[in-house]
Amino acid sequence: MRAVLRRFGQALVTLGGASVLIFGMLAVTPGDPARRVLEARGVREPTPPMVAAVRAELRLDDPLVERFARWAGGALTGDLGISWRTGRPVVEEFATRLPATLRLTAAALLIAVVLALLLGAAAAAAPGRWPDLTSRGVALGMLVVPGFVLGVLALDVLVVRAGLGRVIADGTWATVFLPAVTLALASAAYWSRVLRTSLLEAQSASHLRVSAARGSSRWRRLRVHELPNAVPPFLTVIGLGTAGLIGGAPVVESVFTWPGIGRHTVEAINARDMPVVVGFTLVAVLAYVVTSLLVDLVCATIDPRLRTR
Amino acid sequence: MTDPLVVDALTVTYPDGHRALDAVSLTVGAGERWAVVGRSGSGKTTLVRAVLGLLPPRTRVTGSIRVGGQEVLGAPEAVLRAVRGLVAGYVPQDPYAACDPLRTVGHHVTEAWAVHRRRPPDGAVSAALDGVGIPDGGRRALQHPHQWSGGMLQRATLVAATAHAPLLTLADEPTSALDAELADDVLDLVRRTCGALLLISHDLALVARHTDSTLVLADGAAVETGPAARVLRSPTAPETRELVAAATVVPRAAPAAAPGAPVARADGVSRRYGDVTAVEDATLTVAAGEIVGIVGRSGSGKSTLARLIGGMERPDTGTVRLGAGDGRLRPGFVMPIFQDPVASLDRRWALWRTLTEPALARGERHSRRARRALATEALERVGLGDIDVDRLPGSLSVGQAQRVAVARALAARPALLIADEPTASLDVASAAAITALLREIADAGAALLVVSHDAPRLGGYADRVVTMDAGHLTEDGALRDAPV
Amino acid sequence: MTALGILTPATVREVAPQAVPRAVWRALLRRPAARIGLALALLLALVTLLGPLFTADPDLPDYADQLAPPGPVHWLGTDQAGRDLLARSIAAARTSVGAALLVMTLCAVVGVVVGTVSGAVGGRLDTVLTRFTDILLGLPTVVLTLAVIGVLGPGFWNLVLAMSATTWAPLARLARSVARGSAQRPDVIAARMAGVRPLRLALGHVLPATASQVLVAATLGLAEIVLLLGSLSFLGLGAQPPTAEWGNMLSTGRETFAYAPWQLVGPGLGLILSITAATLVSDALRDVTDPGRRT
């Protein structure tokens, strides 16, 4: 119980530290936000009084600590500021795009887990023999071909030339398959390798031989001792890997013109639209911290050593 | 009644072609206690695995093994499973490695029942744990292995192996992870609870105390068989003689000369870590030319006392006087020797660098060539003159590495050497060589303080042995009769 | 697809004590996969370093020969400005691989410095540095990198800086634990008792151990760094055209893919081969230095 509370505290500290870091980025970004907002509102050549008025409106001249408190308070209540590019609230811009990103990551997560389970289990079932070698070869191939290269090829060869699927991905389930596979492949490869390792490690544990010496059956050893021991490392890497999917979303969304927050963020970076960039960072960080917290808690229910430490 | 174990002309060849056992025969009668001894790699563990039918796949096995009259070679899995756990109990070497960290201790203890589709009788687990000296067993069985101490956990695995009163108990080095005192406790329990016993060990003293008959294996062949007392007293096979000679410790006669001037003196020192008192009010003097041994269980505070006397740690109360006692010691006045010899040498440094580091630290300046010559000299002093000074520690055997560590300590020209379990990582032959070397060093005039849990061996070369128990120095006198 | 989490605390751990450089090399060379990886890396290095001597000027446009297919003159064809793609792909290798090595080195240096200072000095400074490192460790690297690029603006050096700024944390944690552990190492205690002075102790015994461990760990992350740099450049956040870089070449080549697909061959192969080399070597390195784990 103490360990669980400590883990919660740790997650909170991380989030707090992250928010300071992220706000710091917002604060040190060169350029006057007031001018950018004015530009977004269609003012070509802002006069000093107009700039001053916007600065007052955004309360940019308050002390940093106060601005941070207001910004953090806003973030907690779902207010991420207004986009420097469009002048619209960032939250509104995300709200229309988040579902598409969630669909993409969810589909990719599913595909990656299934692929990783298949490849990893096949490899660990016969270490050193052909299923293992094949699986490892496939995983290596999936790992070394960058997703965006694969995405470009898939889009142009399969969609444009062979006419499979639609060119314009509209963010619906109907078009999610190709981008999701592209996003999933490298993660699946990495996870399958981790699964193989942890299965092999669990297989070679000497307590299995002792259990066998007490007369246990192969099936019982697999069910009671091997699989449970292999689960925590695999889960941990999937938890951390979710960040990989979130981080990979901008690239894949850009390749497939997927209307999600990732592509929106890349456009925002190119336009130096910091509130949007910061908003994306916050959302991604939150997702990551919460996922790893959940994974750690699940692992602690499996492994008693994690509960007492 | 059938003999619990009959092994006949057993030959085991591993898939890589290594012949681990060669025509070994052995009969363990009901209630007999057998020991199988031999160096590591002599085939002891293979024998146990063969009996349990747990050799890796594609291993070629010929001959015959009958456990309780049942032939196990070539037997179907179902027959083997009935033999394992019920007819033959198995006590593993390292209790932590033998337990699934995710399962409770109780799970392991009752596993033999569970896998044979039986329910343990009510209260059986707690009674069995109670019987091996673990009170409140019913509650403690719900804890996980990492919450138990090694000695307790080993007793639990013992219960797991013997709770069904098997015809035969196979114990593979069941005490190598334990302290000497605990080892005897555990083996007493094994003797009480097992039917017939087959004990694998490399510890001849232990074998002599706990078994009746001995089988000596060397390179997979049975080189000597017979009553334990006869085999260990008057061995006939050269391999047995070698084993016995290496393990024999001749108690040292009373010190010939009076000890020299005191080099280190601890006066009423105490040291606490948090709530734990490691050393309390200990007084001990080490003089030039003598070896003082400190024995005690792990956690008794013996290492802490040594560190206090060596000035590596400061006492909370009491005083430690080193040398002239003016508080200013020359570097290298005290030098350490550690349990893990390989770790005590920088693994990135060729031997000559390590061996001449103390000289440079004194401020001497030498050319590279002179340093190598110095290093060669230092190695000659510890009997390693034929070792190339360019070698890295990792390429040495553990015994050689410990000698290099001693040479490095000597290179600092110490007045006092503090050795913490200097022989615990070594095989018997290397340990004997190191103790002889330490004796020589003391006879040449240095003071030595040796910490060890191995009282008999320490008795073989120390002038005085003191005992630490729970932080208290309980005995400071001339050597008692060293037990064998 | 990026940031698989290879450079994470779960995977960056202290390696086995037998990790003496020479021994590691010998063990590496015994593994076929590592030999292939090393050969591939050597080949890439040779082509990158010597290639420019034999190829055309990668930045010389030839508007008479735009989007030429591969042929005897232009082995990989030309791009929309008529520049030789082989020459550009080789020039791009310098940018891409160079940037990855730079990021790796920067991360290793920052990691060793922060970790060693933190571990050796201890006290308040250690607490502050460790807290900061822990926070960074709890955050997704790629997302942070994107945010930092947002601050600095796109560009080659900004990308290198952003990646280094966000990727060093696991290495610092590793360096700290090695440095802290070193003070208790028997060989260090013995040297200290023999009178070796602290600075000499740190330089002679502690730093080599820390540096070699961190370097091994950093090498394990190289493939991921190459991949991430390529991805972000592909998005236009790294080196800007006309600088040749695999990521941005793929991005421009993509526009004309439909009728000039050879645009992707050079940069695509370059990325795949370099990632393969780095992956093969680092897999073997992990096996060799961490024999407790099998991969």
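The values are calculated or read from the model by the stated rules, or taken from the named source; none is laboratory data. This one's a predicted model, so the numbers in the text were calculated from it and none came from an experiment. Neighbour counts are summed over all protein chains in view; Cβ atoms, including those assigned to glycine, are modelled from backbone coordinates with ideal geometry. Note: areas computed on protein heavy atoms with side chains; ligands, DNA, RNA excluded. Shrake-Rupley method; radii C 1.70, N 1.55, O 1.52, S 1.80 Å.
Of note:
- Per-residue ³J(HN,Hα) for segment A:292-303, Karplus 6.51 cos²θ - 1.76 cosθ + 1.60, θ = phi - 60°, Hz, x for Gly and Pro: 5, 4, 4, 4, 4, 5, 5, 4, 5, 6, 7, 10
- Charges were assigned to the Cβ only: +1 to each Lys and Arg, -1 to each Asp and Glu. The resulting dipole of segment A:96-306 about its Cα centre is roughly 800 debye.
- Probe 1.4 Å - accessible area at A:L117, Å² to nearest ten: 80 Å²
- Carbon plus sulfur fraction of accessible area for segment B:262-476, probe 1.4 Å, in percent: 47 percent
- Within the full protein context, the accessible area of A:F8 is estimated at about 100 Å² for a probe radius of 1.4 Å.
- When you restrict to C-alpha pairs under 8 Å that are six or more residues apart and normalise by the size of chain B, the relative contact order lands at 15 percent.
- Fraction of the pair-distance distribution of segment C:187-248 above 19 Å, Cα-Cα pairs, percent: 57 percent
- With K and R counted +1 and D and E -1, the other residues having a Cβ less than 9 Å from that of A:R70 yield a net charge of 0.
- Magnitude of the charge dipole, chain B, Cβ model with Lys/Arg +1 and Asp/Glu -1, debye to 20: 1020 debye
- Between 0 and 90 degrees, the angle of helix A:227-255 with respect to the longest Cα principal axis of chain A falls at about 40 degrees.
- FRET efficiency, B:Y273 to C:V109 (Cβ-Cβ, R0 35 Å, nearest 0.05): 0.40
- Measuring nothing but how far apart in sequence close Cα pairs (under 8 Å, 6+ apart) lie, relative to its length, segment B:5-246 scores a relative contact order of 27 percent.
- Here segment C:22-293 is assigned +1 on the Cβ of each Lys and Arg and -1 on the Cβ of each Asp and Glu. Its dipole about the Cα centre then comes out at about 1580 debye.
- Fully extending the segment from A:R44 to A:A106 would add 18.1 nm, taking 0.36 nm per residue of separation and subtracting the current Cα-Cα distance.
- Estimated 222 nm signal from helices in chain C, with DSSP H stretches of n ≥ 4 weighted -39500 (n - 2.57), rounded to 500: -22000 deg cm²/dmol
- Extension gain, B:S397 back to B:A229 (0.36 nm per residue minus Cα-Cα distance, nm): 57.2 nm
- Percentage relative contact order, segment A:153-309, counting C-alpha pairs under 8 Å, at least six apart: 23 percent
- Of the three principal axes defined by the Cα atoms of segment B:5-246, the extents in descending order read 51, 41, 32 Å.
- Cα convex hull of segment C:22-293 - mean projected area over all directions, nm²: 17.4 nm²
- Which of A:I111, A:T281, A:I261, positive extreme of dipole for segment A:96-306 (C-beta unit charges): A:I111
- The modelled label-to-label distance for the pair B:D8/B:A127, using points 7 Å beyond Cα in the direction of Cβ, is 3.9 nm.
- Over chain B - Rg/Rh using Cα atoms and the Kirkwood inverse-distance radius: 1.02
- Virtual spin-label span in nm between B:R118 and A:L118, 7 Å along Cα→Cβ: 4.6 nm
- Taking θ as phi - 60° and the Karplus parameters 6.51, -1.76 and 1.60, the scalar couplings of segment B:196-212 work out to 7, 10, 10, 10, 8, 7, 10, 9, 5, 4, 4, 4, 4, 6, 10, 10, 9 Hz in sequence order, x denoting glycine and proline.
- Summed buried accessible surface, chains A and C, 1.4 Å probe, nearest 100 Å²: 4600 Å²
- Taken over segment C:100-215, the ratio of Cα radius of gyration to 2.2 N^0.38 Å equals 1.21.
- Helix B:150-162 axis, angle to chain B major axis (alpha carbon atoms, nearest 10°): 20 degrees
- Threshold 50 Å² - residues in segment A:1-35 whose accessible area is reduced by that much or more when the chain is no longer isolated, probe 1.4 Å: A:T14, A:L21, A:M25
- Cα gyration tensor shape of chain A, rounded if a/c is under 1.5, else prolate or oblate by comparing a/b with b/c: oblate
- Whole-Å distance, taken between Cα centres, linking segment B:104-136 and segment B:276-315: 41 Å
- Relative to the dominant Cα principal axis of chain B, helix B:428-443 is inclined by about 20°.
- Using R0 = 60 Å, the C-beta based FRET efficiency linking B:A436 and A:A69 works out to 0.20.
- Euclidean distance between Cα centres, segment C:61-94 to segment A:43-95, Å: 47 Å
- Using the Cβ-Cβ distance between A:V4 and C:E255 with R0 = 60 Å, the FRET efficiency computed as 1/(1 + (r/R0)^6) comes to roughly 0.70.
- Rg and Dmax [Cα atoms of the protein assembly as shown; Å; Rg one decimal, Dmax integer]: 34.4, 110
- Ranking B:P227, B:P121, B:H107 by Cα position along the charge dipole of segment B:5-246, where only Lys, Arg, Asp and Glu carry charges on their C-beta atoms, puts B:P121 farthest toward the positive end.
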